[in-house]
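Notes to accompany the following structure.
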Amino acid sequence: MKVGTKIITLNNGYHLWTNTQGQGNIHLLALHGGPGGTHEYWEDAAYQLKQQGLDVQVTMYDQLGSLYSDQPDYSDPKIAAEYLTYEYFLDEVDEVREKLGLDNFYLIGQSWGGLLVQEYAVKYGKHLKGAIISSMVDEIDEYVAAVNRRRQEVLPQTEIDFMRRCEAANDYSNKRYQEDVHILNINFVDRKQPSKLSHLYDLGGSAVYNAFQGDNEFVITGKLKDWHFRSQLKNIQVPTLLTFGEIETMPLSSAAIMQKEIPHARLVTTPDGGHHHMVDNPAVYYKHLADFIRDVESGNFSA
């Protein structure tokens, strides 16, 4: 594919921003998290893989409702009902694949994107050469338990109790509450500060994030609270890389279970990496990714 930005028009009439970087015959499609996040932590993925001696053409895109792509009016109940669903975002991935002419490719997804990779590998796995699930577990209840433990590690009990009172009262805009969230973020989400993912102003995506996640990474009040996928992991038949930060929000104990349940899975961790460990420690993160792709390409992949 041609390097650079391409705007694609979906069958529903909305437009998505896509961008391709790198050269070579190996294709990687990158899904961001959130949901409602952005492509930005994938901007140097082709460069980082090249630093590892691997030529990969990386395509990233902003999902519907995110950054440079169209942002529907989700306050309209009909629009929200149609587009704020797992099914929509899963099928969007395959429509993007089709419109970009991708097949026999690698799919990587971070966090929410890793959820989509799991579902895509089950429903559309025939198109994949390999799947990379980055910082996403298969059972949301285990994530909730993990982030509650993370609070205990860095906050005094007085602040934890205060956060819970705010959450019970739906008082997420409270300044003190958001200061506590910031402490949690810099310890477990964006450990490398200042965060390259911070914006001067909110550029959209919060409507999608709020609908699925909630106010922040340490509460689940949206649709994600009901997501459970463990029973489907056995149906992921392609070589799979599970990559997690050593100091992040997602529990490594769940990742270990996923490695056992997915038939052909390798689990790696990134030292000193938080939830966005491709930013916190890119040298290790992309070495793991390059090694995985090389092994699949050579037919030498093993867990």
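The values are calculated or read from the model by the stated rules, or taken from the named source; none is laboratory data. This structure is a prediction, so every number in the text was calculated from the model and none was measured. As a convention, Cβ positions derive from the backbone with ideal geometry for all residues, glycine included, and neighbour counts pool all protein chains shown. Surface accessibility is based on the protein's heavy atoms, side chains included, excluding ligands, DNA and RNA. Shrake-Rupley method; radii C 1.70, N 1.55, O 1.52, S 1.80 Å.
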Top to bottom by accessible area (1.4 Å), largest first, where do SER206, SER231 land?
SER231, SER206
One finds the C-alpha centres of the stretch 233-248 and the stretch 39-81 to be spaced, in Å, by 20 Å
Would the stretch 1-154 count as rounded, prolate or oblate if I go by the C-alpha gyration tensor, calling it rounded below 1.5 in a/c and otherwise prolate when a/b exceeds b/c, oblate otherwise?
oblate
Between helix 175-188 and the chain: long-axis angle, C-alpha atoms, 0 to 90°, nearest 10
40 degrees
Test item: Cα-centred dipole of the chain, Lys/Arg +1 and Asp/Glu -1 on Cβ, debye:
580 debye
With the Cα gyration tensor of the stretch 211-269 giving a ≥ b ≥ c as the square roots of its eigenvalues, does the rule (a/c under 1.5 for rounded; else a/b larger than b/c for prolate; else oblate) give rounded, prolate or oblate?
oblate
What distance in nm lies between label points placed 7 Å from Cα along the C-beta direction at ASP226 and SER206?
2.6 nm
Considering the options ALA207, THR221, TYR106, tell which one lies farthest towards the positive end of the dipole of the stretch 102-252, charges being +1 on Lys and Arg and -1 on Asp and Glu at the Cβ, about the Cα centre.
TYR106
What is the gain in length, in nm to one decimal, between ASP55 and HIS199 on full extension, counting 0.36 nm per residue of separation less the C-alpha to C-alpha distance?
48.8 nm
Mean residue ellipticity (222 nm) of the chain, computed from DSSP H runs ≥ 4 via -39,500 (n - 2.57), nearest 500:
-12000 deg cm²/dmol
When DSSP beta bridges are limited to those with both residues in the chain, what percentage is antiparallel, rounded to the nearest 5?
30 percent
How much of the accessible area of the chain, in percent, comes from carbon and sulfur atoms when a 1.4 Å probe is used?
50 percent
Listed residue (ASN25, GLY125, ASN185) projecting farthest to the positive dipole end of the chain, Cβ model
ASN25
Probe 1.4 Å, all protein chains in place: accessible area of GLU153 in Å², nearest 10?
110 Å²
Compute the acute angle (0 to 90°) between the alpha-carbon long axis of helix 112-123 and the principal axis of greatest extent of the alpha-carbon atoms of the chain; round to the nearest 10°.
50 degrees
Could you state how much accessible area SER195 has, in square angstrom rounded to the nearest 10, with a 1.4 Å probe and all protein chains kept in place?
20 Å²
A chain fully extended from SER253 to GLU179 at 0.36 nm per residue, minus the present Cα-Cα distance, gains in nm 23.8 nm
Round to the nearest 10 and give me the degree value, 0 to 90, for the angle of helix 252-261's Cα axis relative to the longest principal axis of the chain.
40 degrees
Grab the Cα-Cα distance for ASP291 and GLU98, subtract it from 0.36 nm times how many residues apart they are, and report the gain in nm with one decimal.
66.8 nm
How much FRET efficiency would the formula 1/(1 + (r/R0)^6) give for ASN148 and TYR86, where r is the Cβ-Cβ distance and R0 is 30 Å, rounded to 0.05?
0.80
So which lysines pass the test for LYS78, namely a Cα distance under 28 Å, with those fewer than 8 places away in the same chain ruled out?
LYS99, LYS123, LYS223, LYS225
Put ILE183, ILE236 in order of accessible area, largest first, 1.4 Å probe: what do you get?
ILE183, ILE236
Show me 290-297, 268-275 ranked by packing, highest mean number of other Cβ atoms within 10 Å first.
268-275, 290-297
Calculated SAXS-style log₁₀ I(q)/I(0) at q = 0.12, 0.13, 0.22 Å⁻¹ - the stretch 160-266, Debye, Cα scatterers
-0.58, -0.67, -1.29
If a/c stays under 1.5 just call it rounded; otherwise compare a/b with b/c (prolate if a/b is bigger, oblate if not). Do that for the stretch 162-216, with a ≥ b ≥ c from the square roots of the Cα gyration tensor eigenvalues.
oblate
For the chain the translational diffusion coefficient, Stokes-Einstein from a Kirkwood Rh over Cα pairs at 25 °C and viscosity 0.890 mPa s, in µm²/s, is roughly 126 µm²/s
Can you give the FRET efficiency for LYS2 and THR158, using 1/(1 + (r/R0)^6), R0 = 51 Å, r = Cβ-Cβ distance, to the nearest 0.05?
0.35
